[in-house]
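What follows is a single structure, written as structure tokens, with notes after it.
The values are calculated or read from the model by the stated rules, or taken from the named source; none is laboratory data. Since we're looking at a predicted model, the values are computed, not measured. Cβ: placed from backbone, ideal geometry, glycine included. Neighbour counts: every protein chain shown.
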Amino acid sequence: MTVATPPLPDEAPDHYLSRLGTVFAHFDRQDSGNVSYGVVIDGERCFVKTAGHPGHTPFLDHAQRVDLLRNAVRLALAYRHPALPALHTVVESAHGPMLVYAWADGELVGVPREHRDDPTSAFHRFRSLPAERILAVLDTVFDVHDLLGRDGEVAGDFYDGCLIYDFTTRHVSVIDLDTYRPGPYRNDMGRMFGSSRFMAPEEFTLGALIDQRTSVFTMGRTVRVFLGDHLPGPLQEVVTRACRPDPAERHASLPEFCAAWRDARSQLG
Ligand SMILES: Nc1ncnc2c1ncn2[C@@H]1O[C@H](COP(=O)(O)OP(=O)(O)OP(=O)(O)O)[C@@H](O)[C@H]1O
Ligand SMILES: [Mg+2]
């Protein structure tokens, strides 16, 4: 899809998007400070992500948020996968870039902590699915990370809020890879961005080395969050290794973890 109409000079994204199509959803309470929209453009539902208001500076200022969106564009151009919503186009505006993605159908698996035990929440319903369906989603998530890992990307801020699951079609979408970047690099934040349920010890340690072994830990935690601590033998072994506190004792890379996962999966029959 191309968007033929450019924004007017200094036109705000919400104004522009309502000229362009029909805005049916707003995402303006994100920790990131970004503001995103669901918009029907030329009859197609799209997800449009912007860096939000320049005056709003929660953790990152506007320029830093724009940098992350540029990184998201880099990733979208470099990696294509059925689970990654396609980036249709980028519209430049005085307020920064607007990233126009395909809309992902389904429900966000991650919900606020207080709703996780609520049987009607997407998180609870997802966790209550038969193990085989959850395993199929994990296979896809790891397939995406195998692809990214082969090129040296290190995961950032991956958690259940990066998964949109369609309970009807069983399609999973992986969203918000904005902070993925080539590694290794040093933790220069202390506590890094992320959900602590998914984070490795080195993501809490200023100066620690962050590399794909950190991402391996996050993948292992993803299995634990969705399937709990009691896994069939071969999977248990892979996940226990992935979640070892000492990075040196984990799988050395995302592709290595993914190969071990696939191998263990094939042993389940
Ligand atoms: N392609 C998409 N299709 C439909 N909904 C989406 C899509 N991408 C994201 N969303 C929804 O929009 C919300 C915000 O998206 P995203 O997480 O990418 O934004 P963010 O600004 O990085 O926010 P956060 O601070 O939560 O990381 C998601 O939680 C999800 O509900
Ligand atoms: Mg984000």
- Note on the structure: When every residue in region 93-118 that is in contact (Cβ under 8 Å) with a residue 12 or more places away in the chain and charged (D, E, K, R) is compared, the one farthest from ligand 2 (Cβ to nearest atom) is 105
- Conditions (1) assigned by TED's automatic domain parsing to the domain that holds residue 178; (2) surrounded by 14 or more Cβ atoms within 10 Å (Cβ to Cβ); (3) basic (Lys, Arg); number of the one not met by residue 65: (1)
- Message: Report every pair of residues separated by at least 6 positions or lying on different chains whose Cβ atoms are under 8 Å apart, first residue within region 31-43 and in contact (Cβ under 8 Å) with a residue 12 or more places away in the chain, second away from ligand 2 (no atom under 16 Å from the Cβ) and of a type in the set (Asp, Glu).
- Response: 35/14; 37/14
- Among the residues of region 20-76, write down those that are within 12 Å of ligand 2 (Cβ to nearest atom), more than 16 Å from residue 91 (Cα to Cα) and part of a strand (DSSP E or B). 27
- Task: Give region 149-175 a look and list any residue that's crowded, with 21+ Cβ neighbours inside 10 Å and more than 16 Å from ligand 2 (Cβ to nearest atom), or say none.
- Result: 149, 165, 172
- Selection over region 176-204 where residues are surrounded by fewer than 15 Cβ atoms within 10 Å (Cβ to Cβ) and away from ligand 1 (no atom under 16 Å from the Cβ) yields a count of 7
